[in-house]
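Have a look at the structure below, then the notes.
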Amino acid sequence: MPIGVLINSSAILSGGIIGALAGSRIPERINTSLTGIFGLSAITMGLSLIIQLNSLSAVVMAMIVGALVGELIGLEDLLNKGLPRLASSLPGNNLSEEQLDNLISMIILFCFSGTGLFGAMNSAITGDHSILIAKAIMDFFTAIIFGAVSGYLVGGIAIPQVILGCILFYAGNLIIPFLSDYMVSDFKAVGGVITMAVGMKIAKIRYFRVLNMVPALILVFLFSRIW
């Protein structure tokens, strides 16, 4: 069962509703402080996964080739072009430009972040839901903050998030029979690198085009097998 995915989507839904009800009563200093903590938490999660790697060469090769593939395809650019059209077609599309930008950012963070994509696959392959549970805690408070700005639509992001998460979870189940322990360790390490990149982006330490790194999560199985 995709327990981690369901917990994560429930956190987004409830956080968005609470934030919309709270409105502007959330102080700006709390928003700023929590954003930095979210970033540091993601970096810590990433480090805990990287230390489990089996082959450094396979992980590095997967990250380099995966990022090149992502950049050539332009995954993040495609998403950034498509989301404004999607958001403008949703109910309540009389959002201000700031609210629309916030909504797009939240869709990327909740549905397409490296942590979410990796966490769904990792929970299927390893049975460990801790990555998604930790993400759910961060997403809950993030949804409260942005729900206060952009309203109830933030909570509605839980719908595409749970659909995408379940697809990745069951896809992960299909490939389990073909994986060795070494391949799983390297997969987790690549997920850790991407999670660290997400954390640095959230904490505004360094901007990474994280979605373009996602192909590395697939390629690492091939490179780990070779090594």
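The values are calculated or read from the model by the stated rules, or taken from the named source; none is laboratory data. If you're wondering where the values come from, they're calculated on a predicted model, not measured in any experiment. All Cβ positions, even for glycine, are placed from backbone atoms using ideal geometry, and neighbour counts span all protein chains on display. We work out accessible area using only protein heavy atoms, side chains counted, and drop any ligands, DNA or RNA first. Shrake-Rupley method; radii C 1.70, N 1.55, O 1.52, S 1.80 Å.
Assorted remarks:
- Per-residue extension of 0.36 nm, minus the Cα-Cα distance of Leu47 and Ile73, leaves a gain of 6.6 nm for this segment.
- Gain on full extension, evaluated as 0.36 nm per residue between Leu179 and Leu21 minus their Cα-Cα distance, stands at 52.3 nm.
- When Rg and the Kirkwood radius Rh are both evaluated on Cα atoms of the stretch 112-187, their ratio Rg/Rh stands at 1.07.
- When each of the peptides 120-127, 37-44, 6-13 is scored by the mean number of other C-beta atoms lying within 10 Å of its residues, the order from highest to lowest reads 6-13, 120-127, 37-44.
- When only alpha carbons of the stretch 173-227 are considered, Rg and Dmax amount to 12.9, 39 Å.
- Ligands, DNA and RNA aside, Cys111 has an accessible area near 10 Å² when probed at 1.4 Å.
- Two-site FRET efficiency, Ile3 against Ile205, from Cβ-Cβ distance with R₀ of 22 Å, rounded to 0.05: 0.10
- Listed by chain and number, the lysines whose alpha-carbon sits under 27 Å from that of Lys81, ignoring those within fewer than 8 places in the same chain, are Lys135, Lys201, Lys204.
- Average accessible area per residue (Å²) across the chain - probe 1.4 Å, nucleic acids and ligands excluded: 48
- Ellipticity estimate at 222 nm from DSSP helix runs (n ≥ 4, -39,500 (n - 2.57)) divided over the chain, nearest 500: -26000 deg cm²/dmol
- A probe of 1.4 angstrom, applied to the heavy atoms of all protein chains, finds Ile167 with accessible area near 110 square angstrom.
- Relative to its residue count, the chain spans a Cα convex hull of 109 Å³ per residue.
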